[in-house]
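Heads up, the thing below is written out as structure tokens.
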Amino acid sequence: MTELPRHSVSVAGVVTDDHGRVLVIQRRDTGAWQLPGGVLELGEAIEDGMCREVLEETGVRVHALRLTGVYKNMKLGVVALVFAAQAFGGEPAPTEESAAVEWWTVAQVKERMPEAFAVRITDAVYGDTRIPRIRQHDGVNLL
């Protein structure tokens with residue numbers, strides 16, 4: 001029997017501060033600026049995975065508020081579940097996975113991140129809080 005292609009599921013958290021800035025990381029492996037997040041582990045609850053990934057990449061403890069979007073990288077087959085999240089402990093700092101952790105304005109996000117990643121933040125910050133967005137991209141641009 002031929003092995004069928006499989007999707008990977010990732011999770012990410014949009015954490016905002018009292019000034020409306022968003023917590024972002026610079027990945028150690030690629031140098032790219034993105035939301036904190038990563039691959040959901042087998043047997044792990046979705047929201048628990050998002051909280052774990054944000055903590056591992058930023059040092060900040062969060063809890064999920066709501067699902068804000070579902071994004072599929074059509075080239076890689078990665079489906080990302082993005083949540084608005086609220087911080088309740090810890091201090092942002094670089095980790096083994098993140099070379100830098102910073103608070104950015106939405107304007108900085110739009111300027112410095114590829115569209116496929118910036119839209120996850122704008123959907124969470126400006127989108128309808130009742131309905132998650134569903135989008136496809138090629139890793140850089142929306143399709």
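Please give the number of the condition residue 17 fails out of (1) among the charged types (D, E, K, R); (2) in contact with a strand residue (DSSP E or B) (Cβ under 8 Å, 6 or more places away or on another chain); (3) surrounded by fewer than 21 Cβ atoms within 10 Å (Cβ to Cβ); (4) without any contact (Cβ under 8 Å) to a residue 60 or more places away in the chain. The failed condition is (4).
The set of residues in the stretch 52-74 that are of a type outside the set (A, V, I, L, M, F, W, C), buried (at least 17 other Cβ atoms within 10 Å of the Cβ) and in contact with a helix residue (DSSP H, G or I) (Cβ under 9 Å, 6 or more places away or on another chain) comprises 68, 69, 71, 73. Of note, residue 22 satisfies the criterion of being buried (at least 17 other Cβ atoms within 10 Å of the Cβ), touching a Phe, Trp or Tyr at 6+ places or on another chain (Cβ under 8 Å) and more than 16 Å from residue 9 (Cβ to Cβ). The criterion of being surrounded by fewer than 17 Cβ atoms within 10 Å (Cβ to Cβ) and small (Gly, Ala, Ser) holds for residue 93. Candidates in the stretch 93-143 are the residues that are among the polar types (S, T, N, Q), touching a Lys or Arg at 6+ places or on another chain (Cβ under 8 Å) and in a loop (DSSP other than H, G, I, E, B); of these, the one that is nearest to residue 16 (Cα to Cα) is 105.
Inside the stretch 59-92, residues that are more than 18 Å from residue 130 (Cβ to Cβ) and among the hydroxyl-bearing types (Ser, Thr, Tyr) make up a count of 1. Here residue 139 clears all of (1) closer than 19 Å to residue 7 by Cβ; (2) modelled with pLDDT of 95 or more except the condition numbered (2).
Contact annotation: residue pairs with Cβ atoms under 7 Å, 6 or more positions apart or on different chains, pairing a residue in the stretch 119-143 that is under 21 Å from residue 85 (Cβ atoms) with a partner that is in a strand (DSSP E or B) and of a type in the set (Lys, Arg), are 119/135; 123/133; 127/133; 129/66. None of 79, 54 is out of contact with any Pro (no Cβ under 8 Å at 6 or more places or on another chain) and not charged (D, E, K, R) except 79. Among 115, 47, 41, 3, which is the only one that is free of Cβ contacts under 8 Å to residues at least 60 places away in the same chain and under 20 Å from residue 139 (Cα atoms)? Going through 115, 47, 41, 3 in turn, the sole match is 115. Select from the stretch 28-51 the residues that are touching a strand residue (DSSP E or B) at 6+ places or on another chain (Cβ under 6 Å) and farther than 27 Å from residue 130 by Cα and write down the one among them that is surrounded by the most Cβ atoms within 10 Å (Cβ to Cβ). Only one residue tops the list, namely 33.
Say whether the condition of being within 22 Å of residue 141 (Cα to Cα) and more than 16 Å from the chain's Cα centre (by Cα) is met by at least one residue in the stretch 58-75. Within the stretch 58-75 (the criterion being within 22 Å of residue 141 (Cα to Cα) and more than 16 Å from the chain's Cα centre (by Cα)), the answer is yes, since at least one residue qualifies.
The values are calculated or read from the model by the stated rules, or taken from the named source; none is laboratory data. Note that the structure is predicted; figures quoted are calculated from it, not measured. Quick reminder, even Gly has a Cβ in these numbers, built from the backbone with ideal geometry, and neighbours come from all protein chains shown.
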